[in-house]
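Here is the structure we will look at.
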Amino acid sequence: MDAMRILVVEDEKKVASFIKKGLQQEGYAADAVHDGMEAVRNATAFDYDLVILDLMLPRQPGLEVLREIRSKKPKLPVLILTAKGAIEEKVAGLDAGADDYLIKPFAFVELFARIRALLRRGNQENPRLRVADLEMDTATRQVRRAGQPIDLKLKEYALLEFLLRNAHRPVTRTMIVEHVWDIHFDSVSNVVDVHINSLRNKIDKGFQPPLIHTVRGVGYMLSDGGA
């Protein structure tokens with residue numbers, strides 16, 4: 001799983017909450033908005049890895065939202081999730097720039113499979129991330145250090161993936177919160193520090209050199225060369 005952040009665009013708030021909760025349980029950070037104008041604003045203002053888009057939206061129709069997102073962020077994957085199941089509607093959505101089209105009602109297992117496929121399609125680099133003897137396979141979600149498997153919880157995995165993708169450069173707590181949690185998360189809390197300490201116990205304890213470094217006044221950095 002390469003993406004860490006998904007925008008859910010769904011006018012039915014209960015459905016949006018249901019999808020968002022399912023995504024979070026799968027380890028993604030997810031935000032939900034409920035009309036077309038909000039969708040365009042969030043999709044263009046924040047750094048999302050994928051958008052799940054309903055077509056029947058207030059204030060701005062889904063296809064208009066899709067065209068506007070596509071004009072501003074042409075590489076951002078968009079998956080239409082809608083009750084509109086007619087062939088001509090599906091063709092219209094794909095022609096407007098959607099990367100995939102899933103009809104409600106849906107099964108989460110299929111939604112997750114389609115998300116993974118879209119993220120693989122848009123992210124063709126080597127699925128293995130490596131610093132020193134620490135390696136993450138983002139395709140299988142396996143992590144090893146010096147050949148030993150490391151068992152991580154969902155947020156620990158997402159945090160480590162973000163650190164690996166930004167290896168050798170400092171990242172702030174705010175950057176971590178925005179990519180690993182969601183835009184409404186309370187960044188004042190110490191949850192980042194707690195998860196960093198947990199990662200250190202699993203990634204660095206008993207290994208040399210230490211890879212997770214505190215950068216005073218900034219945040220953290222994953223590097224084999226010291227902070």
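The values are calculated or read from the model by the stated rules, or taken from the named source; none is laboratory data. Please read all numbers here as calculations on a predicted model, not as lab measurements. Cβ atoms come from the backbone with ideal geometry, glycine included; neighbour counts cover every protein chain shown.
Quick notes
- In this structure, residue 158 does not satisfy being in a loop (DSSP other than H, G, I, E, B) and surrounded by 15 or more Cβ atoms within 10 Å (Cβ to Cβ).
- Here residue 101 passes the criteria (1) touching a Gly at 6+ places or on another chain (Cβ under 7 Å); (2) among the hydroxyl-bearing types (Ser, Thr, Tyr); (3) not in a strand (DSSP E or B) except the one numbered (3).
- Whichever residue in segment 161-177 is more than 22 Å from residue 120 (Cα to Cα) and of a type in the set (D, E, K, R) and, among such residues, is surrounded by the fewest Cβ atoms within 10 Å (Cβ to Cβ): 169
- Looking across segment 101-120, the residues that are among the aliphatic types (A, V, I, L, M) and without any contact (Cβ under 8 Å) to a residue 60 or more places away in the chain come down to 102, 103, 107, 109, 113, 117.
- Residues satisfying the stated conditions in segment 113-136, i.e. closer than 14 Å to residue 165 by Cβ, modelled with pLDDT of 80 or more and not basic (Lys, Arg): 119, 129, 131, 134, 135, 136
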